[in-house]
Amino acid sequence: MIYCDHAATAPLCPEAREAMRPYLSFAANPSALYSAARDASYAVKKAREQVAACIGARPEEIYFTSCGTEADNWAVKGCARKVLAGWGARRLVLSAIEHPAVTETCLSLAPLGFETVLLPVDPMGLVARASLEEALIGGAALVSVMAANNEIGTLEPIRELCALAHEKGVPFHTDAVQAVGHIPVDVEKWGVDLLSASGHKFSAPRGTGFLYIRKGFALPPLLSGGGQERGMRSGTENVAGIVGLAAALTARVKQMEKDAAALDKMRARILEGLRDRGVDFRVNGAPDALPGFLSLSFRDMDGEMLLHRLDLKGVLVSTGSACHAGKETVSPVIRAIGVPEAYEKGTLRLTLGPENTMEEAECLLQALVEAVR
Ligand SMILES: *Cc1c(COP(=O)(O)O)cnc(C)c1O
């Protein structure tokens, strides 16, 4: 099997497996009073420090969650609640290509009077400064733009967009689920107030994630209860998961440059191979996309049919976002970037990961050429 769907989920890395092992059979409740609880609570504290160091944050700015979707919901609904409790425009501004965890969450607030404004993107998938400026006339509760898109891999100009939102006094959230552990992320440099991440997208176990909340930014708590996560997200800590998340992220950040260079080589090889064999296709997204990320649209093809043909050859890919697969023929992201009609239905997303090899990239290329023919 050749697994090329890392944007959907990445296999658990050995570093995370090893770090979690002691806590899988027994992890005391960190809130208990005996010494074993101090060990568990120390493990969570250490994990928080490791995660903070990986994104340029302070440990007290990291709040562990159960997934990226939870972090996104917390950011959006928290900012909406702030407006409901005080004053300000009931408007949520996001890019037209956000993950459903952000888009659907914003739309779910319509009954409370919130208007969702979608910022258009250019053919590369980039949000323009001018469209954000226009959307912010009259204010907003939040601007949310993803750091890296999950269907085309495009990296958004977060620092610039965030500065613009702040000029208007509007908080800024970025869904960095595809970025964290894949490209350098520095919350200080970007200046964001809120940032979401998900463990299983960077080789940590599923059911883990975190929300970065800038120190001094008053976000209402997500879950009330026993007061875990400094009263912000109650619920007994997933000690093994948290330790695994920190170990995986630390390992990925350490290897990031090396991995990116290898992934870029595989990506280039696949593109070159397809062109050499005269396959009629286009590359979606910006050329400097996420490492190992390929969104391709093949002329007069059906993406789902290609996916199944590749599956039969043991090559696992996606037609786009796993969250959209099977729902619609053409994803809203592919629509938003304006892929020509002859190509839009023939879209495949190949996302390579650090454990893929050049030999696998060659096999993928061969299988792809055969599937298209
Ligand atoms: C996968 C993904 C999510 C959701 O993360 P989960 O941990 O699966 O809930 C959110 N945003 C983006 C961009 C994603 O790729």
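The values are calculated or read from the model by the stated rules, or taken from the named source; none is laboratory data. Predicted model, so just to flag it, every value in this text is computed and none were measured. Virtual Cβ from ideal backbone geometry, glycine too; neighbours counted across all protein chains shown.
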Options ARG275, ARG267; residue that is outside the structural domain of PHE64 (by TED's automatic domain parsing) and surrounded by fewer than 14 Cβ atoms within 10 Å (Cβ to Cβ): ARG275
Residues of segment 301-314 that turn out to be without any contact (Cβ under 8 Å) to a residue 60 or more places away in the chain and part of a helix (DSSP H, G or I), as a count: 7
All positions within segment 54-72 that are part of a helix (DSSP H, G or I) and either crowded, with 21+ Cβ neighbours inside 10 Å or touching a residue at least 40 places away in the same chain (Cβ under 8 Å) (or both): CYS54, ILE55, GLU60, GLU61, GLY68, THR69, GLU70, ALA71, ASP72
Meets criteria (of a type in the set (D, E, K, R) and either without any contact (Cβ under 8 Å) to a residue 60 or more places away in the chain or away from the ligand (no atom under 14 Å from the Cβ) (or both)) for ARG214: yes
Pair list, Cβ under 6 Å, 6 or more apart: segment 107-122 residue in the same structural domain as LEU161 (by TED's automatic domain parsing), other residue surrounded by 14 or more Cβ atoms within 10 Å (Cβ to Cβ) and in a loop (DSSP other than H, G, I, E, B): GLY113/ARG90; PHE114/ARG90; LEU118/ALA96; PRO120/ALA96; VAL121/ALA96; VAL121/ILE97
Those strands (runs of 3 or more DSSP E) lying entirely in segment 196-300 with at least 1 residues under 30 Å from ALA367 (Cβ atoms) and among the basic types (Lys, Arg): 281-284
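A quick yes/no check of all residues on (1) on the phi < 0 side of the Ramachandran plot; (2) within 20 Å of the chain's Cα centre (by Cα):
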position	(1), (2)
GLY225	no, no
SER234	yes, no
MET266	yes, no
ALA286	yes, yes
Condition met for LEU211 (aliphatic (A, V, I, L, M), assigned by TED's automatic domain parsing to the domain that holds ILE334 and at pLDDT 95 or above): no
Residues of segment 52-73 classified as within 15 Å of the ligand (Cβ to nearest atom) and either within 21 Å of PRO184 (Cβ to Cβ) or under 15 Å from the mean Cα position of the chain (by Cα) (or both), total: 9
Some residue of segment 304-317 being touching a strand residue (DSSP E or B) at 6+ places or on another chain (Cβ under 9 Å), surrounded by 14 or more Cβ atoms within 10 Å (Cβ to Cβ), under 17 Å from ILE152 (Cβ atoms) and not hydrophobic (A, V, I, L, M, F, W, C): no
Verdict on LEU84 being under 18 Å from ALA140 (Cβ atoms) and either part of a loop (DSSP other than H, G, I, E, B) or within 16 Å of the ligand (Cβ to nearest atom) (or both): no
Scope segment 227-264; condition closer than 21 Å to VAL180 by Cα and surrounded by fewer than 17 Cβ atoms within 10 Å (Cβ to Cβ); matching residues: LYS254, GLN255, GLU257, LYS258, ALA261, ASP264
Residue tally, condition touching a helix residue (DSSP H, G or I) at 6+ places or on another chain (Cβ under 8 Å), surrounded by 17 or more Cβ atoms within 10 Å (Cβ to Cβ) and not polar (S, T, N, Q), over segment 280-298: 7
Residue within segment 110-122 that is more than 21 Å from ILE334 (Cβ to Cβ), among the acidic types (Asp, Glu), buried (at least 18 other Cβ atoms within 10 Å of the Cβ) and in contact with a strand residue (DSSP E or B) (Cβ under 6 Å, 6 or more places away or on another chain) present: no
Subset of segment 169-182 [over 17 Å from SER95 (Cβ atoms) and away from the ligand (no atom under 13 Å from the Cβ)]: GLY169
Qualifying residue in segment 139-157 (condition: away from the ligand (no atom under 12 Å from the Cβ), under 15 Å from the mean Cα position of the chain (by Cα) and buried (at least 24 other Cβ atoms within 10 Å of the Cβ)): no
Hey, ALA43 part of a helix (DSSP H, G or I), of a type outside the set (Asp, Glu) and either within 24 Å of the chain's Cα centre (by Cα) or more than 25 Å from GLU156 (Cα to Cα) (or both) or not: yes
